[in-house]
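Data first, discussion second: the structure below is written as C-alpha cells.
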Amino acid sequence: MKFQDIAKKPRSFLAMTGCHLEEFTDLLPHFKKALKDSKYTLEGKERQNPSTHYANSPLPTSEDKLFFILVYYKQYPTQEMMGLSFNMTQPKANLWIHFLNPLLEEALSSAKQLPSREMEEVIGDVPSLYSHDGVEREIQRPKKDQKTYYSGKKKTHTIKNNVLANTACAVIF
C-alpha cells in the first residue's frame with residue numbers, strides 16, 4: 001500500500017487515515033521538518049549523519065511515512081497486519097511505528113493540533129460555544145495503588161478523562 005495509490009481515492013484516504021487530503025498536506029511540512037530534525041535512527045540509536053530516503057525502503061517518501069503512522073492510529077491493526085499491508089515484516093513494522101510516533105506528535109504539536117493538557121493554557125481560547133464530556137477509559141490493572149484507579153461504576157480499573165471540544169468537534173482540552 002502506497003500513499004500515491006490511496007491519495008487518488010479521497011473516500012478511501014479518509015477512511016484509512018481519518019483525515020482529508022487537504023489536512024494531510026497541511027500536516028506534511030511539519031512532519032517533514034520533524035523527520036529531518038530527528039536525532040535518532042530507525043533502530044533508536046543516536047543519529048551520526050543526516051537522514052536520507054532510500055529507494056528500497058518500504059516507506060521511501062515522507063508522505064508514505066506519514067500515511068503509515070496515520071493508518072496505524074486510525075485502524076489500529078496488529079503489527080503483523082501493518083507489515084503485510086506495507087510490504088514489510090512485523091519486526092520492521094514495530095520499528096517504524098516506534099520511530100514515527102514521536103515524530104507525528106512533534107508535527108502535530110508544531111501545527112498546533114494537539115489538545116492542551118493544562119487548563120491554564122486554554123483559559124483565553126475557550127469559545128463561547130463548546131461541549132464538555134467526561135469519560136472513563138479502561139486500563140490494565142496497576143501493580144501499585146490499585147484503589148486510586150478502581151472504578152466501582154465500571155467494575156474495572158480506569159483513568160478519568162474530561163474532554164472540552166469546540167463546535168467543529170476539535171478537542172481543545
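The values are calculated or read from the model by the stated rules, or taken from the named source; none is laboratory data. Predicted model only: the values in this text are computed from it and were never measured. Quick reminder, even Gly has a Cβ in these numbers, built from the backbone with ideal geometry, and neighbours come from all protein chains shown. Note: accessible area is taken over every heavy atom of the protein model, side chains too, but ligands, DNA and RNA are not part of it. Shrake-Rupley method; radii C 1.70, N 1.55, O 1.52, S 1.80 Å.
Taking amide H atoms as placed 1.01 Å from N in the peptide plane, the amide H of ILE172 lies under 5 Å from those of LEU164, ALA165, ASN166, each 5 or more residues away in sequence or on another chain. Taking all Cα pairs closer than 8 Å and separated by 6 or more residues, the relative contact order of the chain comes to 19 percent. Note on the chain: with a GNM built from Cα contacts shorter than 10 Å, the maximum mean-square fluctuation among SER62, SER110, SER151 falls on SER151.
Would you mind getting the Kirkwood hydrodynamic radius of the chain from its Cα pairs, rounded to one decimal in Å? List each step's numbers first, then the result.
Working: mean 1/r = 0.0538 Å⁻¹.
One over the average 1/r among Cα pairs gives 18.6 Å for the chain.
Would you please name the trypsin sites (Lys or Arg not before Pro) within the range 129-173 that are DSSP coil residues with at most 15 other C-beta atoms within 10 Å of their C-beta? If you can, show how the numbers build up before the last one.
Values: sites: ARG137, LYS143, LYS144, LYS147, LYS153, LYS154, LYS155, LYS160; in loops: LYS143, LYS144, LYS153, LYS154, LYS155.
Within the range 129-173, the qualifying trypsin sites (Lys or Arg not before Pro) (loop, at most 15 other Cβ atoms within 10 Å) are LYS143, LYS144, LYS153, LYS154, LYS155.
log10 I(q)/I(0), Debye, Cα-only the range 15-100, no solvent, q = 0.12, 0.16, 0.19, 0.20 Å⁻¹? Here the Debye-derived log intensity ratios amount to -0.35, -0.64, -0.90, -1.00.
Over the range 1-83, with every protein chain in place, what whole percent of the accessible area is carbon and sulfur at 1.4 Å, could you tell me? It is 55 percent, rounded to a whole number. Loop-located trypsin sites (Lys or Arg not before Pro) in the range 1-101 (DSSP state other than H, G, I, E, B) with a sparse environment of at most 14 neighbouring Cβ atoms within 10 Å: LYS8, LYS39, LYS45, ARG47. Here is the list for the range 7-111: chymotrypsin sites (Phe, Trp or Tyr not before Pro) lying in DSSP coil, each with at most 12 other C-beta atoms within 10 angstrom of its C-beta, are TYR54. Summed over the residues of the range 1-94 and divided among them, the accessible surface reaches 64 Å² per residue at a probe radius of 1.4 Å. Projecting the Cα atoms of ALA93, ALA165, HIS132 onto the charge dipole of the chain, computed from C-beta unit charges around the Cα centre, puts ALA93 farthest toward the positive end. Once both axes come from the Cα atoms, what is the angle between helix 90-110 and the longest principal axis of the chain, in degrees from 0 to 90, rounded to 10? The angle comes out at about 60 degrees.
As a quick test, which of the pairs LYS2/LYS32; LYS8/LYS33; LYS9/LYS32; LYS9/LYS112 have an alpha carbon distance above 21 angstrom in this structure? From the list (LYS2/LYS32; LYS8/LYS33; LYS9/LYS32; LYS9/LYS112), the Cα-Cα distance tops 21 Å for LYS8/LYS33; LYS9/LYS32; LYS9/LYS112. Where in the chain is the longest stretch that carries no GluC sites (Glu not before Pro) classed as loop by DSSP and with at most 14 other Cβ atoms within 10 Å? Longest site-free region, per DSSP loop and neighbour criteria: 44-117.
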